[in-house]
Amino acid sequence: MKKDIKITESEWSVMEILWSTDFATIGEIKKALASTDWSDSTIKTLVRRLVSKKAIAINTDEAVFRYYPLISQQDCQRKETKSFINRVYEGSVSMLVTNLVADSNLSEKERKELLDLIEKMEKG
């Protein structure tokens, strides 16, 4: 994912629709966002912004334009995670994990997954 693409929380809602459907018309996007009470012009603005950021593109091969993602959900999640860790924890993953573990009730399964992940990282 390009470093200069920053997806806002509202834009993220549009991206989630496209990641789940691969292609969607503006009407399908509006329908999926009906619960937000956003106006049609707001949704169109979000879509236009995402096109201008090159986060999504338009398939103009058909009579009805269909929008599709140019960036993967996984890439966006990684970028957002790194940004969050840098901003809130000064880049310290261990501080993040310490706070997550200290402030949550991890299930036995989650504890095992975390320990397995640490063991896997140690092995390289």
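The values are calculated or read from the model by the stated rules, or taken from the named source; none is laboratory data. Since the structure is predicted, the reported quantities are computational estimates derived from the model, not experimental observations. Here the Cβ is made from the backbone with ideal geometry for all residues, glycine too, and neighbour counts use every protein chain on show. Heavy atoms of the whole protein, side chains included, go into the accessibility calculation; ligands, DNA and RNA do not. Shrake-Rupley method; radii C 1.70, N 1.55, O 1.52, S 1.80 Å.
Here are the numbers:
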quantity: Long-range tail of P(r) for the chain (Cα pairs > 20 Å, %); calculated: 57
quantity: Gain on full stretching of the segment that runs from Trp19 to Ile58 - 0.36 nm per residue minus C-alpha separation; calculated: 12.6 nm
quantity: Full-stretch length increase - Thr42, Glu119 - with 0.36 nm per residue and alpha-carbon distance subtracted; calculated: 23.0 nm
quantity: Leading residue at positive end of dipole, region 3-71 (Cβ point charges), from Ile26, Ile5, Ala55; calculated: Ile5
quantity: Gained length - Val51 relative to Lys82, 0.36 nm times residue gap less alpha-carbon distance; calculated: 8.8 nm
quantity: Candidate lysines for bridging to Lys44, where Cα separation is under 21 Å - those fewer than 8 sequence places away on the same chain excluded; calculated: Lys6, Lys30, Lys31, Lys53, Lys54
quantity: Under 25 Å from the Cα of Lys120 - lysines, other chains or at least 8 residues apart; calculated: Lys79, Lys82, Lys109, Lys112
quantity: Carbon/sulfur fraction of accessible area - region 21-118, other protein chains in place, 1.4 Å, %; calculated: 53
quantity: Per residue accessible area of the chain, 1.4 Å probe, in Å²; calculated: 72
quantity: Relative contact order (%) - criterion: Cα under 8 Å, at least six apart; region: the chain; calculated: 22
quantity: Under the span-like rule (Cα at least 15 Å along the axis, Kyte-Doolittle mean at least -1.0), DSSP H helices of the chain; calculated: 9-21, 40-52
